[in-house]
Amino acid sequence: AERLGGAKKKDSHEEVNAALDNVTRMDVDDSDTQRSATTPAVAAKDEITELDLESLAFQEGAHTMTNTQCHLPDQSWRAMKKGYEEVHVPATRSVPDPNEQLVPISTLPPWTQNAFAGMTTLNRVQSKMYHSALLTGDNLLLCAPTGAGKTNVAMLAMLNIIGRYRRDPGRDANPEDTGDMEKEIEREGFKIVYVAPMKALVQEVVKNFRARLAHYQIEVRELSGDSSLSRQQIRDTQILVTTPEKWDIVTRQGEGRAYTQLVKLVIIDEIHLLHDDRGPVLETIVSRTLRQIESSHEPIRLVGLSATLPNYKDVAAFLRVPDRGCFFFDHSYRPVPLQQQYIGITEQNAFKRFQLMNEICYDKCCIQ
């Protein structure tokens with residue numbers, strides 16, 4: 001009887017253990033089922049999407065052509081020759097309006113006339129922009145051909161800022177007065193930044209503005225990768241001529257905020273390079289300047305100087321330029337009319353094509 005009782009107890013224990021094992025197995029199966037059901041959703045949520053940036057980039061780079069048609073100016077003509085084709089675009093000549101008047105230097109405010117020493121009048125482009133550049137504080141965009149006098153427009157914009165910091169603006173100084181201009185102008189209250197695309201152009205601009213503003217005791221210095229300025233030199237400088245990359249670094253670092261808060265005018269030369277490889281740097285400079293205006297509530301004037309642009313209105317909108325501050329001058333405003341010739345080689349043989357290009361180049365040089 002004891003054996004039978006022990007056997008029954010053993011069997012009952014085995015049955016309990018078997019039942020527990022079945023319950024555990026069912027729980028494991030249910031958890032596996034639930035895990036398998038939720039795994040695809042989690043995997044779909046955590047799935048990483050890779051972007052191929054190289055495939056998204058423009059294959060043409062800065063030479064993207066979005067125009068579907070190209071129209072030549074009037075009186076253009078073609079010439080088909082053996083192995084190549086010529087397209088001749090005649091020089092565009094503009095006939096000034098009889099009522100158009102040039103602004104004499106003598107009519108400028110007397111204290112500004114020393115910056116235009118040796119000149120008698122402003123040219124056609126400068127005369128049309130005189131009021132907007134010197135007498136207003138609006139943002140400006142000037143699109144004009146090379147040699148149209150954009151540098152003097154930048155000078156008028158600089159004199160507008162300098163005039164705001166004259167200690168006695170009600171008194172018009174005599175142009176022949178060689179008094180102490182250092183006491184007349186509050187030089188420590190403002191800074192002007194001129195952004196030029198190349199270091200060689202930076203040095204040329206520094207030399208030009210330094211000579212023309214010497215009468216006003218305005219310090220002009222170069223700020224580029226080749227020349228570093230100390231904090232004291234930057235503090236004593238009113239006009240900084242720099243490159244886009246250097247000014248991008250300065251405005252990005254926290255150390256430069258001490259004097260970037262004093263900037264009242266930013267002039268960007270050759271702003272049509274927005275379409276070039278260095279365009280993102282110019283975009284960063286403009287965007288950071290606009291952000292500084294919004295955060296500090298201090299006005300900073302933006303002036304863009306450019307060659308002729310087909311979409312100049314888009315650039316003006318980017319610079320926050322009002323309609324009255326946007327000026328576009330076509331090739332007819334060139335001081336020297338420009339005649340253009342385009343030659344397209346149709347020769348298929350590589351050796352003959354190279355030889356033909358040399359012959360055409362030699363013949364054109366001999367004709368000139």
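The values are calculated or read from the model by the stated rules, or taken from the named source; none is laboratory data. As the structure is a prediction and not an experimental result, all values here were calculated from the model. A quick note on method: Cβ atoms are made from the backbone with ideal geometry, for glycine too, and the neighbour counts reach across all protein chains shown. SASA here: full protein model, heavy atoms, side chains in, ligands and nucleic acids out. Shrake-Rupley method; radii C 1.70, N 1.55, O 1.52, S 1.80 Å.
Close contacts from the stretch 281-309, counting a first residue that is within 24 Å of G147 (Cβ to Cβ) and in contact (Cβ under 8 Å) with a residue 24 or more places away in the chain and a second that is open to solvent by less than 20 Å² (accessible area, probe 1.4 Å) and among the hydroxyl-bearing types (S, T, Y), with Cβ to Cβ under 7 Å and a gap of 6+ residues or different chains, come to L302/T289.
Annotation note: Cβ proximity below 9 Å between a residue of the stretch 76-90 that is under 16 Å from K364 (Cβ atoms) and open to solvent by 40 Å² or more (accessible area, probe 1.4 Å) and a residue that is in a strand (DSSP E or B) and of a type in the set (D, E, K, R) (sequence gap 6+ or interchain) occurs for E85/R78. Within the stretch 314-352, the set of residues being assigned to a helix (DSSP H, G or I) and either free of Cβ contacts under 8 Å to residues at least 12 places away in the same chain or closer than 21 Å to L265 by Cα (or both) comprises D314, V315, A316, A317, F318, D323, R324, G325, A350, F351. Each residue in the stretch 89-127 was checked for being outside any loop (DSSP other than H, G, I, E, B) and polar (S, T, N, Q), and 8 pass. Which of the residues spanning the stretch 92-110 are surrounded by fewer than 14 Cβ atoms within 10 Å (Cβ to Cβ) and of a type outside the set (D, E, K, R)? Result: S94, V95, P96, P98, N99, Q101, P104, S106, T107.
Among all positions in the stretch 336-345, there is at least one residue which is loosely packed, with under 13 Cβ neighbours inside 10 Å, under 23 Å from L201 (Cα atoms) and more than 11 Å from the chain's Cα centre (by Cα). The one condition from (1) outside any helix (DSSP H, G or I); (2) touching a helix residue (DSSP H, G or I) at 6+ places or on another chain (Cβ under 7 Å) that P73 does not meet is (2).
Any chance the stretch 28-48 includes a residue that's open to solvent by less than 80 Å² (accessible area, probe 1.4 Å), within 37 Å of the chain's Cα centre (by Cα) and modelled with pLDDT of 65 or more? The answer is no, given that none of the residues of the stretch 28-48 is open to solvent by less than 80 Å² (accessible area, probe 1.4 Å), within 37 Å of the chain's Cα centre (by Cα) and modelled with pLDDT of 65 or more. In this structure, does G61 turn out to be at positive phi, at pLDDT 80 or above and surrounded by 10 or more Cβ atoms within 10 Å (Cβ to Cβ)? Here the answer is no, as G61 does not meet what is asked. Taking the criterion of being open to solvent by 10 Å² or more (accessible area, probe 1.4 Å), part of a loop (DSSP other than H, G, I, E, B) and not acidic (D, E), the residues of the stretch 128-167 that qualify are L135, T136, G137, N139, T146, G147, G149, Y165, R167.
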